[in-house]
Amino acid sequence: MADEPFVTIIEPFRIHSVEPMRLTTRAERDAALAAAGYNLFELRAEDVLIDLLTDSGTGAMSAQQWAAIQRGNEAYAGAPSFYRFLEAVTGLFPFRHVLPAHQGRAAEKILFTAVGGPGLIIPSNTHFDTTRANIEFTGASAVDLPIPEGLRPAERHPFKGNMDITALERLLAANADAVPLVMLTVTNNSGGGQPVSMANVREVRRVCDAYGKPLFLDSCRIAENAWFIRTREPGYADVPVADIVREMAGLADGMTMSAKKDPLGNIGGWLALNDDDLAERCRGLEILTEGFPTYGGMAGRDLEAIAQGLAEAVDHDYLRYRVRSVAYLGEALERAGVPVVVPFGGHAVFIDARAMLPHIEPLSYPGQALACALYAEGGVRSCEIGTVMFGLRPDGTEQAAPMDLVRLAIPRRTYTQSHIDYVIEVVTRVAARRAGLPGLRIVSQPRQLRHFTARFEPLDSAAPAP
Ligand code: F0G
């Protein structure tokens, strides 16, 4: 397929079982939005037509995964399903210890409970929200060190997810004792789904070595990241993605993983690492909160689905389709004059809501306003990644996030090209009436991870609903 001249995206699968979608009217969606307090996490999924809230756990499993689920063995300890999972994980990520967990944030919770604490600093290219929250929960600080290009949505750079090496060196030179480990998120989800180059991973490794610091990868989308390395980084065009993944893992001392992303599971995750002492401490915590170390919060059938999913995640035909179909959406929006983060990431297209809605101040949440408008217009659910998600500081004060983005995350193998064509139409229609969209104010919010449960109301009640 790779060498064929055709431009039409062929989903490299045919549909095996179907799930109906429910159509709603504009009036129904307006009512649902108001009842949800203008927070799309509070909607019932049945009221959503195309759900691009997240690519996490929302993918379709393959026939082979469903078959693997049938042989799931539910022994409390030492199940064969665990050993199949372990073999699949260490085949790509050859770390000495693998601790299964029910999802990525559980692995983060265990890791940072073990290494975090007041006064400590954990640098990353950009922490995901749950990673940041888990770090801050221990009293440590989560510091983002993206390269400057990573914060400029319209600027093209092949590896906008890279870490700023000079900034990392500066931070370590000043605070080496306070840094228990360095993290790299591949791809950089919060920064636009942008990949990190192998050269950058090597540079980060070099700096970590100079200060004797371990490097951990937040690896949720490492297969997509590896595909970008193969297609963009000199020297990798002929290297299989599985080998690129192994090379990245070989540069690290450990990893956290949400199996709900690239590993094509609906649930699951793990923490893997080489350090025996740290692994011992983490295992103690795992037993406390997740379960016995051969299932760690997952059923045997979940372990089987992930083992099979990992093999499919590094398949080149799948990854080519995956990255191409995301770019298809992005390119159409770009042609329609919608400001989008370029180049397009692996799992999502990010709309620059701050650029699209310049009349809405960051503290009136342009991303949230746009996400609400996309739902009201056509039942498309997206996710604000901006001031709502990142603007509330641990001390309770509020500040504008570096960017106000709206993420259209594409669940894996779930929607077809005609669904995406519909999404393009919805975004284009909202863009045509962008000047009339109102900002929002927060009516109530929790102290942490506020984007999940905060309630909003449109700012100008005289203006039409978003
Ligand atoms: N790290 C990254 C980069 C993530 O994107 C996520 C989850 C996690 C860690 C946590 O994993 O959900 O299994 O606990 N991201 C989802 C998203 C929720 O929508 O991007 P989890």
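Just a few scattered comments:
- Cα shape, segment 3-162, gyration tensor, a/c 1.5 rule: rounded
- Inter-centroid distance (Cα atoms) of segment 366-406 relative to segment 135-192, Å: 21 Å
- For the chain, the relative contact order is 22 percent, taking Cα pairs closer than 8 Å that sit 6 or more residues apart in sequence and dividing their mean separation by the residue count.
- Overall Cα dimensions of the chain - principal axes, largest extent first, Å: 62, 53, 45
- Size of electric dipole in segment 198-244: Cβ of Lys, Arg +1 and of Asp, Glu -1, about Cα centre, debye, nearest 20: 140 debye
- Counting DSSP beta bridges with both ends in the chain, the antiparallel % (nearest 5): 65 percent
- Placing a pseudo-label 7 Å from each Cα along the Cα-to-Cβ vector at Arg206 and Glu4 gives an inter-label distance of 4.3 nm.
- Computed lengthening from Thr289 to Ala432, 0.36 nm per intervening residue step minus Cα-Cα distance: 46.6 nm
- Karplus 3J(HN,Hα) series, Hz, for segment 411-418 with 6.51 cos²θ - 1.76 cosθ + 1.60 (x for Gly, Pro): x, 6, 6, 10, 10, 9, 4, 5
- The accessible area of Phe216, taken with all protein chains in place and a 1.4 Å probe, comes to roughly 0 Å².
- Using the empirical formula 2.2 N^0.38 Å as the baseline, the Cα radius of gyration of segment 257-319 reaches a ratio of 1.25.
- R0 of 30 Å, Cβ-Cβ distance Arg26-Gln448: FRET efficiency to nearest 0.05: 0.30
- Theoretical gain in end-to-end length, Phe137 to Ala45 [0.36 nm per residue, Cα-Cα removed]: 30.1 nm
- Counted over all Cα-Cα pairs of segment 63-313, pairs farther apart than 23 Å make up 47 percent.
- Under 5 Å, built H, 5+ apart or other chain: amide partners of Asp218: Leu184, Thr185, Val186, Thr256
- Annotation: the antiparallel percentage among DSSP beta bridges lying fully within segment 202-299 is about 60.
- For segment 341-451: rounded, prolate or oblate by the Cα gyration tensor [a/c cutoff 1.5]: prolate
- The magnitude of the dipole of segment 17-167, with charges of +1 and -1 set on the Cβ of Lys/Arg and Asp/Glu and taken from the Cα centre, is near 340 debye.
- Relative contact order of segment 63-313, pairs being alpha-carbon contacts under 8 Å that are 6 or more residues apart, as %: 32 percent
- Debye, to nearest 20: dipole size of the chain, +1 on Lys, Arg Cβ, -1 on Asp, Glu Cβ: 440 debye
- Full extension of the segment from Gln399 to His157, taken as 0.36 nm per residue of separation minus the current Cα-Cα distance, would add 84.4 nm.
- Distance between the modelled labels on Arg71 and Glu457, one decimal in nanometres: 5.9 nm (7 Å Cα→Cβ projection).
- Candidates Met183, Gln194, Thr166 compared by Cα position along the dipole of segment 155-212: farthest toward the positive end lies Gln194, with charges placed on Cβ.
- A helix-only calculation puts the chain at -12000 deg cm²/dmol for mean residue ellipticity at 222 nm, using -39500 (n - 2.57) for each DSSP H run of at least four residues, averaged over all residues.
- Of all DSSP bridge pairs formed entirely within segment 63-313, close to 50 percent run antiparallel.
- Förster-model FRET efficiency, 60 Å R0, Ala173 and Gln417, C-beta, rounded to 0.05: 0.75
- Taking packing as the residue-averaged number of other Cβ atoms within 10 angstrom, the listed peptides 394-401, 439-446, 373-380, 16-23 run from highest to lowest as 373-380, 439-446, 394-401, 16-23.
The values are calculated or read from the model by the stated rules, or taken from the named source; none is laboratory data. Note that the structure is predicted; figures quoted are calculated from it, not measured. Here Cβ is always computed from backbone atoms with ideal geometry, including for glycine, and neighbour counts include all displayed protein chains. Calculation scope for accessible area: heavy atoms of the full protein, side chains included, ligands and nucleic acids excluded. Shrake-Rupley method; radii C 1.70, N 1.55, O 1.52, S 1.80 Å.
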